[in-house]
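Please treat every number below as a calculation from the coordinates, not as lab data. Predicted model, so just to flag it, every value in this text is computed and none were measured. Positions of Cβ are generated from backbone atoms using ideal geometry, with glycine treated the same way; all protein chains shown enter the neighbour counts.
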Amino acid sequence: MNTFQINFGKPLATMVLAAGFCMASLGIHAAPLLRCDVTYAGSTHLVEARAVADPYPVASVDIAGRFRFKAVMVGQGAQVDYIKLYTYLETARQPVLIQQATYRPPFMVTSVPDGLTGEQRVYGGPKERELIYRCKLQEVTP
């Protein structure tokens, strides 16, 4: 007769690790995560994006009142169809789009902080203010 026994004496970390191995063996992956470090005037903001079906409601992030940055990852589950990054310059009337970049599969998945985009430098306004960003894609199925 087969019996199933749970040993509650094992550390929680061992059980979590075992669950991770089970998920990996079943082909279950964590949801993709896009992480962007956006720097202006020596201050860095972390902008994260998860896969969405509709890109339009995704809000842009204020960067020190000078720029806005929007990261959109369109897809479902572990599947990413495309990524779009938008950089806007804040003006008195409204934000003005100064850069838009599109990334399509296959995506580069690495452990380096700028694995997807490299380091990008965007300049805007009469004083040519500089915004620097770098993005990395994590947990995506190649």
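In terms of its C-alpha gyration tensor, region 45-85 comes out prolate, because a/c is 1.5 or above and the ratio a/b outweighs b/c. Computed from phi, the 3J(HN,Hα) profile of region 75-85 under the Karplus parametrisation 6.51, -1.76, 1.60 (θ = phi - 60°) reads x, 8, x, 8, 8, 10, 7, 6, 10, 10, 10 Hz, with x in place of Gly and Pro. Working ranking of peptides 100-107, 58-65, 131-138 by packing, defined as the average number of other Cβ atoms within 10 Å per residue, highest first, is 131-138, 58-65, 100-107.
Using the Karplus relation 6.51 cos²θ - 1.76 cosθ + 1.60 with θ = phi - 60°, the per-residue 3J(HN,Hα) values for region 88-93 come to 10, 9, 6, 10, 4, 8 Hz, with x marking Gly and Pro.
Which length gain, in nm to one decimal place, applies between residue 59 and residue 101 when the Cα-Cα distance is subtracted from 0.36 nm times their residue separation? In short, 13.5 nm is gained. Here region 30-138 is described by how far its Cα atoms reach on the three principal axes: 41, 29, 19 Å, from widest to narrowest.
Close amide-amide hydrogen proximity is noted between residue 129 and 124, each under 5 Å apart and 5 or more residues distant or on a separate chain (H modeled in the peptide plane; Pro and chain starts excluded). Between residue 114 and residue 46, the simple spin-label model (points 7 angstrom out along Cα→Cβ) gives 2.0 nm. Each residue of region 48-62 was assigned a 3J(HN,Hα) from its phi angle through the Karplus curve 6.51 cos²θ - 1.76 cosθ + 1.60 (θ = phi - 60°); the sequence is 10, 9, 10, 4, 10, 7, 10, x, 5, x, 5, 8, 7, 10, 6 Hz, with glycine and proline shown as x.
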